Amino acid sequence: MNKLWILVLMSHALFAQTISYETSQGKETATYDEVIRFYQELDKKYDQATLIQVGTTDIGKPLHLFVISANKIFKPQADKVTILVNNGIHPGEPEGIDASMMWVRELLTKKTLPSNVVLCVVPVYNVDGILNRGLSRINQNGPNSYGFRANSRNYDLNRDFIKTDSKNSESWQKMFQTWRPHLIVDTHTSNGADYQHAVTYFPTQKDKFNPLVSEFFTKQFKPQLDGLLTKAGFDPVPYVNAYGATPESGYNGFNDTPRYSSGYASLFNCETFVVELHMLKDYPTRVKGTYAFLEATLQLSTQHAASLIKNKQKADEAVASKATFPLSWKLDRTVADSITFKGFGAKYKPSEVSGLNRLYYDRNETFTKRIPFFDHYVPDITIEKPKAYIIPQSWARVIELLKINGVKLEPLPKDISVEVEAYYIEDYKSPTKPYEGHYIHTGVVLRKEKQTLPFYKGDYIVYTNQSSNRYIIETLEPQGPDSFFAWNFFDSVLGQKEHFSAYVFEDVAADLLRKDAVLKEKLEERKKKDEAFAKSGAAQLEFIYRNSPYSERSYLRYPVYRLP
């Protein structure tokens, strides 16, 4: 064997032992190529680990999942807890990427694999973003360079878990539905105020969860997690989401709707911890804090494996039979808790740029005090689930996403006519500028009508007796803040296709009023109640048209129908 080949083998053997974060003394984060080679080497070296491709990404490279299983079975196992660690959804926040590499290496080399846990790690979710390396987070203290927040189509992937514009998101959802984890750790770096804490995080908003799952995590898992983090030297606080300029006035828990990883996972009774290391702490501190979080999560998941498995099973069963579902939530500021917060003095001084007062934090002036924390949410809009929904096959992308997310759909075997509840969109609001490529509809007002409509062979019935009910209802009910309607999947029904010429319809309208006493009475009643309407000939013609057989019945009719 020649010397060059020996050197190559030695370099490969050594590679899995160190990463650029370590060789640079915490100044660098791993590149995409380094990350994938690292996990490939671990795959080759250890029988208890495998690196699999779970789909593709918008940039054409595969999305990987690294699986560790003590019994060498690399698939979901009913008697084991599945933990998913999601890294690099925002590659400019890379501490989870580096921490996970060192963490799994230690688990495998020291053979400290728990027998009741299957560990899944997404090395880098936003592959597109990590390849777009540079400097883009001016508020962040290291590393020297890193990836970009958005993917190659400029989507923020942590807003893409319902609309699924990216291939990354579609691949991730397929992976999630295959593994159906009990718990996720999604690794991030914070933005915002300055304070002493290095580790902040938020769990899935507790009030949205099945009570059994929520109570366990709120009263047992989370307090023990906080204790282990504090013991490791990382006294945590809830993710700092301050109302005012500084956090000591109090702040609220994060309302994670389904567009986010944690809100999406909660639809399937999976707890997510979004860990946010403080941006102004040095990079080694942030990596070590993330490592400590991963260690603590694994320790507690091993300790509470039986409860995690049982609680999720019961929650899945409960959601299948649950009748009433909140669609949106609002913060109840009459209910406040308090937390111990370690901050820096917030002060003001003249700006060297503008000469006006500017905020700064005096790190020589520290404080520790109890501050208000608001984390009680109550339902804002609540609906009774139907027996089922009927979706015409023409809405193919909606049907495809339901299937990707484990929803069972039954195709109609033949053409039928059936009485359904149909929604009409009475009102909605849309922004003037796009958000993540969409104009999100809010303030949706509905009118419900019973109609007998034709449906065709190949249209789909979605019964609401499934463990995926929250996904079904929160995406298909148009008033949901992250419904498919909100994300513009059905915007074509908002456009009218036919109308009338006033000079022609005048005579038709007069004839309709002569023949229809009920319509004439409705018109007169409206004129009495609405002075502006009474003075507008155009408005009166429109009213008659809307209440005539000539009206376009599909206009503003939401094309997903309820079977009561």
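Where a number appears in this text, it was derived from the coordinates with a stated rule and is not lab data. Every value quoted in this text rests on a predicted model; they were computed, and no experiment measured them. Don't worry about glycine lacking a Cβ; one is built from the backbone with ideal geometry, like all the others, and counts go over all protein chains shown.
A few comments on the model shown:
- Residue order, fewest to most beta carbons within 10 Å, for Glu477, Glu552, Glu525: Glu525, Glu552, Glu477
- Peptides 326-333, 286-293, 364-371, 298-305 ranked from most to least packed by the mean count of surrounding Cβ atoms within 10 Å: 286-293, 298-305, 326-333, 364-371.
- Cut-off 13 Å (backbone N to label point 7 Å along Cα→Cβ of Lys450), residues of region 404-426: 419-422
- From helices alone, the chain scores -9500 deg cm²/dmol at 222 nm; the rule is -39500 (n - 2.57) for each run of n ≥ 4 DSSP H residues, then divide by the residue total.
- Here the label points at Tyr435 and Ala539, each 7 Å from Cα along the C-beta direction, are separated by 3.1 nm in the simple model.
- Proximal aspartates and glutamates relative to Lys520, as straight alpha-carbon distance under 19 Å, when same-chain residues fewer than 8 apart are discounted: Glu506, Asp507, Asp511, Asp530, Glu531, Glu542
- Count Lys and Arg as plus one, Asp and Glu as minus one, and take only other residues whose Cβ is under 15 Å from that of Lys520; the net charge is then +2.
- FRET efficiency for Arg133 and Asp530, using Cβ-Cβ distance with R0 set to 56 Å, rounded to 0.05: 0.35
- Among the trypsin sites (Lys or Arg not before Pro) within region 105-167, those in coil by DSSP and having at most 10 neighbouring Cβ atoms inside 10 Å are Lys110, Lys111.
- Three-way shape call for region 250-341 based on the alpha-carbon gyration tensor, with the a/c threshold at 1.5: oblate
- Calculated FRET value between Lys111 and Ala323, using beta carbons and R₀ = 45 Å, to 0.05: 0.40
- Relative to the Cα centre, the charge distribution of the chain, modelled as +1 at Lys and Arg Cβ and -1 at Asp and Glu Cβ, gives a dipole magnitude of about 720 debye.
- Loop-located trypsin sites (Lys or Arg not before Pro) in region 445-506 whose Cβ has at most 15 other Cβ within 10 Å (DSSP): Lys457, Lys497
- Shown for Glu521, Glu276: other C-beta atoms within 10 Å of each C-beta, ranked fewest to most, produce the order Glu521, Glu276.
- Projected label points at Asn465 and Lys72, each 7 Å from Cα along the beta carbon direction, are separated by 4.3 nanometres.
- Pairwise FRET efficiency - Lys330 versus Thr366, Cβ, R0 = 41 Å, nearest 0.05: 0.70
- Counting other Cβ atoms within 10 Å as a rough exposure proxy, the listed residues Ile97, Ile36, Ile89 run Ile36, Ile89, Ile97 from fewest neighbours to most.
- Other residues lying with their Cβ under 14 Å from the Cβ of Ser321 contribute a combined charge of +2, Lys and Arg counting +1, Asp and Glu -1.
- Neighbourhood charge, 9 Å Cβ-Cβ cut-off, centred on Glu449 and excluding it, Lys, Arg +1 and Asp, Glu -1: +3
- Pairs with C-alpha atoms separated by more than 21 Å, drawn from the list Lys167/Lys330; Lys231/Lys314; Lys163/Lys206; Lys408/Lys457, are Lys167/Lys330; Lys231/Lys314; Lys163/Lys206.
- Under the Debye formula (equal points on every Cα, no solvent term), log10 I(q)/I(0) of region 54-211 at q = 0.10, 0.20, 0.21 Å⁻¹: -0.40, -1.38, -1.44
- Residue among Gln393, Phe374, Tyr361 farthest towards the positive dipole end of region 262-395, charges placed on Cβ: Tyr361
- Hits among lysines - C-alpha to C-alpha of Lys522 under 20 Å, sequence gap 8 or more where chains match: Lys448, Lys535
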